[in-house]
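The values are calculated or read from the model by the stated rules, or taken from the named source; none is laboratory data. Predicted, not measured: the structure shown is a model, and the values here were computed from it. Here the Cβ positions follow ideal geometry from the backbone for every residue, glycine too, while neighbour counts run over all protein chains shown.
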Amino acid sequence: MTTHPIQTICCIGAGYVGGPTMAVIADRCPQIQVTVVDLNASRIEAWNDPDLGRLPVYEPGLDAVVGRCRGRNLHFSTDVQSAIAQADIVFLSVNTPTKTRGVGAGQASDLRWIEASARQVAACAKGHTIVVEKSTLPVRTAETVKAILAAAQGATPDGETKSFEVLSNPEFLAEGTAIADLEQPDRVLIGGEDPAAIEALAGIYGHWVPSERILRTNLWSSELSKLTANAFLAQRISSINSIAALCEATEANVQEVARAIGSDSRIGSKFLQAGPGFGGSCFQKDILNLVYLCRHYGLDEVAAYWEAVVQLNAWQQHRIARLVVNKLFGTVTAKRLAILGFAFKADTNDTREAPAIRICSDLLDEGAELAIYDPKVSEGQIAADLEQPAGDGGHDRGGWQLSSSALEAARGADAVLVLTEWSEFAAIPWVELAAVMRKPAWVFDARARLDHGVARAAGFHVWVVGQG
Ligand code: UDX
Ligand code: UDX
């Protein structure tokens, strides 16, 4: 199959991955028409909002990129069928959450949306179409996608021929730095079988990514590399958090330990920040998926090894909630606690698997009254995340309310918990907070990013993750 230069791209899924990725491709390849489609009409409407401050995804720099390309060669639409029909390449960027029921519940990925999208592509595509798996998928998902597409290949009633090639091209972007990660990636990974399709996709990235950073592998290596990269990153966080607990029990300081080990070039300094555990849409989901795959292939010891990374993460979050209760004289019932930060990390409004969810839920179970402040997360999102589990109405759960600043959240509170490392928290006026709080007042710094000297001087008792 000969390739002609790619002229049109369709991306199914206008989420955290599809939106920013396509915006950067459109920005760097003005000659290519890029259409991002989604079933969710209100999401598409938000992507088309004339006010660039109201895009559905918050990413530093995204508004400028969308502002440059939207209407020129970047389009957001709900017309999935015609976008597929016109596309030379279709990216599948739909969500792949962990299954909540049925076979593999709690671990396996739910592939219903990937399958539905593949079927839609099979039905609507015209001519030769390259289908790219952008979503993170279990190893060998391409087989499913290929089987669905193969069934539609061949001559069509209108006398044309339909053909497909499947590639895997996982994203490695981190939320909050998505635009920088897309513009200067460490590497772009393309897995596939057909050299022409691989080169067509490599040609798109080649507009701005140096050629030595575009890696080509077989399909299965590409799918597995994505899961492995996230598993290794998450493992570092669980490793340092396990040592943080030990530091607290001894007189060690985890930041000092992290610096000492991180200076060893074989270990490296990144991803050694102790905290309330990892959140985000990927780490837990991808490791559980890896665990499921290992069990499927009879590799129980390998599965248990990786599962421990997730277990330690949950333990760290419960540990922090328990420790808050202990420090506050063993009870937080009816006590007001200021929660600063709800997003799973700074510079995003995303709360998927945020450590704040588990920590706040534990404190609500203990009867606490939470005053939550986050610069970007909406009240509706927090409400959805903290919703009481069905059938759990039998005890006096605490309550929560939204606050519009750290100071407001702290008014009348016994403690301030910092759960997200928003940069503005570094400048909290501790003296002002101390003045409006009940004494003894506590600061629990789960991110170890505050100026503890100032807080202590203002009269606070201070707990910092990983400091003995
Ligand atoms: C991504 C990846 O796709 C996922 O595999 C990765 O592990 C995490 O990040 P993300 O972009 O964050 O997902 O997901 P989300 O923000 O939920 O966006 C997916 C979009 O696809 C949604 O807007 C949803 O409406 C849309 N969708 C889903 C469709 O348009 N069609 C479908 O059939 C299913
Ligand atoms: C991650 C991967 O980094 C990215 O390559 C992949 O494509 C998607 O998953 P993301 O989830 O957006 O990206 O965020 P990341 O910056 O990796 O942080 C994940 C979680 O780990 C956050 O909750 C963060 O606070 C936490 N973290 C990170 C730590 O607790 N300590 C660290 O040292 C680093």
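In segment 328-352, which residues are more than 12 Å from the chain's Cα centre (by Cα), within 21 Å of GLU424 (Cβ to Cβ) and β-branched (Val, Ile, Thr)?
The one that is more than 12 Å from the chain's Cα centre (by Cα), within 21 Å of GLU424 (Cβ to Cβ) and β-branched (Val, Ile, Thr): ILE339.
Please go through segment 155-173 and give me each residue that is within 16 Å of ligand 1 (Cβ to nearest atom) and free of Cβ contacts under 8 Å to residues at least 24 places away in the same chain, ordered by number.
Selection gives nothing.
Mind listing whichever residues of segment 280-313 are away from ligand 2 (no atom under 16 Å from the Cβ) and crowded, with 18+ Cβ neighbours inside 10 Å?
Those that are away from ligand 2 (no atom under 16 Å from the Cβ) and crowded, with 18+ Cβ neighbours inside 10 Å: VAL291, TYR292, LEU293, CYS294, ALA303, GLU307.
List pairs: first in segment 266-284 and farther than 18 Å from PHE342 by Cβ and away from ligand 1 (no atom under 13 Å from the Cβ), second polar (S, T, N, Q) and at pLDDT 95 or above, Cβ under 8 Å, 6+ apart or cross-chain?
SER269/SER263; ALA274/ASN241; ALA274/GLN255
Report the residue count in segment 256-279 for those that are out of contact with any Cys (no Cβ under 9 Å at 6 or more places or on another chain) and within 15 Å of ligand 2 (Cβ to nearest atom).
First, the residues of segment 256-279 that are out of contact with any Cys (no Cβ under 9 Å at 6 or more places or on another chain): 258-273, 275-279.
With the extra rule that they be within 15 Å of ligand 2 (Cβ to nearest atom), the set shrinks to 258-259, 261-262, 267-273, 275-279.
Residues flagged as out of contact with any Cys (no Cβ under 9 Å at 6 or more places or on another chain) and within 15 Å of ligand 2 (Cβ to nearest atom) within segment 256-279 amount to 16.
Return yes or no: is THR348 more than 16 Å from ligand 2 (Cβ to nearest atom), of a type outside the set (Gly, Ala, Ser) and not in a helix (DSSP H, G or I)?
Answer is no for this residue.
Quick check on my filter: what residues within segment 164-181 are more than 11 Å from ligand 2 (Cβ to nearest atom) and either modelled with pLDDT under 95 or within 13 Å of PHE91 (Cβ to Cβ) (or both)? Before you say what the answer is, go through the steps one by one.
Start the filter on segment 164-181 by keeping residues that are more than 11 Å from ligand 2 (Cβ to nearest atom), which leaves 164-169, 179-180.
Within segment 164-181, VAL166, LEU167, SER168, ASN169 meet the criteria.
Please work out which one of (1) touching a strand residue (DSSP E or B) at 6+ places or on another chain (Cβ under 7 Å); (2) over 22 Å from TYR292 (Cα atoms) is the condition PRO138 fails and give its number.
For PRO138, the exception is condition (2).
Suppose we filter ILE89, ILE44 for residues that are closer than 25 Å to GLU193 by Cβ and touching a strand residue (DSSP E or B) at 6+ places or on another chain (Cβ under 9 Å); which single one remains? I'd like the intermediate steps shown before the answer.
Working: ILE44 fails: closer than 25 Å to GLU193 by Cβ.
ILE89 is the lone residue from the list that is closer than 25 Å to GLU193 by Cβ and touching a strand residue (DSSP E or B) at 6+ places or on another chain (Cβ under 9 Å).
Given the criterion surrounded by fewer than 22 Cβ atoms within 10 Å (Cβ to Cβ) and either in contact with a strand residue (DSSP E or B) (Cβ under 6 Å, 6 or more places away or on another chain) or over 25 Å from GLY61 (Cβ atoms) (or both), identify the matching residue among THR144, THR177.
Matching residue, one of THR144, THR177: THR144.
Collect the residues in segment 180-198 that are buried (at least 21 other Cβ atoms within 10 Å of the Cβ) and not in a strand (DSSP E or B), keeping them in residue-number order.
Result: LEU182, GLY192, ALA197, ILE198.
Examine segment 333-340 for a residue that is closer than 30 Å to ARG411 by Cβ and assigned to a helix (DSSP H, G or I), and state whether such a residue exists.
no
Determine, yes or no, whether ILE372 is crowded, with 23+ Cβ neighbours inside 10 Å, of a type outside the set (Lys, Arg) and part of a helix (DSSP H, G or I).
No; evaluated as a whole, the condition is false for this residue.
Give me a count of the residues in segment 339-380 that are among the hydroxyl-bearing types (Ser, Thr, Tyr) and more than 16 Å from ligand 1 (Cβ to nearest atom).
Total meeting the criteria: 2.
Out of (1) at pLDDT 95 or above; (2) among the acidic types (Asp, Glu); (3) not in a loop (DSSP other than H, G, I, E, B), what's the single condition that is false for GLU223?
All conditions pass for GLU223, except number (1).
Right, SER225: without any contact (Cβ under 8 Å) to a residue 60 or more places away in the chain, surrounded by 18 or more Cβ atoms within 10 Å (Cβ to Cβ) and farther than 22 Å from VAL465 by Cα or not? Spell out the reasoning first.
Working: without any contact (Cβ under 8 Å) to a residue 60 or more places away in the chain: yes; surrounded by 18 or more Cβ atoms within 10 Å (Cβ to Cβ): yes; farther than 22 Å from VAL465 by Cα: yes.
Spelling it out, SER225 is indeed without any contact (Cβ under 8 Å) to a residue 60 or more places away in the chain, surrounded by 18 or more Cβ atoms within 10 Å (Cβ to Cβ) and farther than 22 Å from VAL465 by Cα.
Filter segment 142-154 down to the residues that are free of Cβ contacts under 8 Å to residues at least 24 places away in the same chain and under 13 Å from THR129 (Cα atoms) and list them by number.
LYS146, ALA150, GLN153, GLY154
Would you confirm whether any residue within segment 65-87 is at pLDDT below 95, out of contact with any Cys (no Cβ under 6 Å at 6 or more places or on another chain) and at negative phi?
No, there is no match, as no residue in segment 65-87 is at pLDDT below 95, out of contact with any Cys (no Cβ under 6 Å at 6 or more places or on another chain) and at negative phi.
Please enumerate the residues belonging to segment 326-377 that are modelled with pLDDT under 95 and of a type in the set (S, T, N, Q).
Selection gives THR348, ASN349.
Considering only segment 168-181, state which residues are touching a Lys or Arg at 6+ places or on another chain (Cβ under 9 Å) and not acidic (Asp, Glu).
Within segment 168-181, SER168, ASN169, PRO170, PHE172, ALA174, GLY176 qualify.
When you scan segment 15-36, do you find a residue that is of a type in the set (S, T, N, Q), surrounded by fewer than 20 Cβ atoms within 10 Å (Cβ to Cβ) and in a helix (DSSP H, G or I), even just one?
Among the residues of segment 15-36, not one is of a type in the set (S, T, N, Q), surrounded by fewer than 20 Cβ atoms within 10 Å (Cβ to Cβ) and in a helix (DSSP H, G or I), which makes the answer no.
For segment 58-84, which residues satisfy the criterion of being under 27 Å from ALA122 (Cβ atoms), more than 16 Å from ligand 1 (Cβ to nearest atom) and surrounded by fewer than 17 Cβ atoms within 10 Å (Cβ to Cβ)?
Correct list: empty.
What helices (runs of 4 or more DSSP H), lying completely within segment 402-468, carry at least 3 residues that are over 25 Å from GLU379 (Cβ atoms) and without any contact (Cβ under 8 Å) to a residue 40 or more places away in the chain?
Hits in segment 402-468: 430-436, 452-457.
Looking only at segment 253-279, count how many residues are in a loop (DSSP other than H, G, I, E, B) and surrounded by 23 or more Cβ atoms within 10 Å (Cβ to Cβ).
Step one: of segment 253-279, the residues in a loop (DSSP other than H, G, I, E, B) are 263-279.
Subsequent filtering for residues that are surrounded by 23 or more Cβ atoms within 10 Å (Cβ to Cβ) retains 274-279.
Counting residues in segment 253-279 that are in a loop (DSSP other than H, G, I, E, B) and surrounded by 23 or more Cβ atoms within 10 Å (Cβ to Cβ) gives 6.
Please verify whether LEU328 is touching a Lys or Arg at 6+ places or on another chain (Cβ under 7 Å), in contact (Cβ under 8 Å) with a residue 24 or more places away in the chain and either more than 30 Å from MET437 (Cβ to Cβ) or buried (at least 18 other Cβ atoms within 10 Å of the Cβ) (or both), treating the condition exactly as stated.
So LEU328 fits the description; yes.
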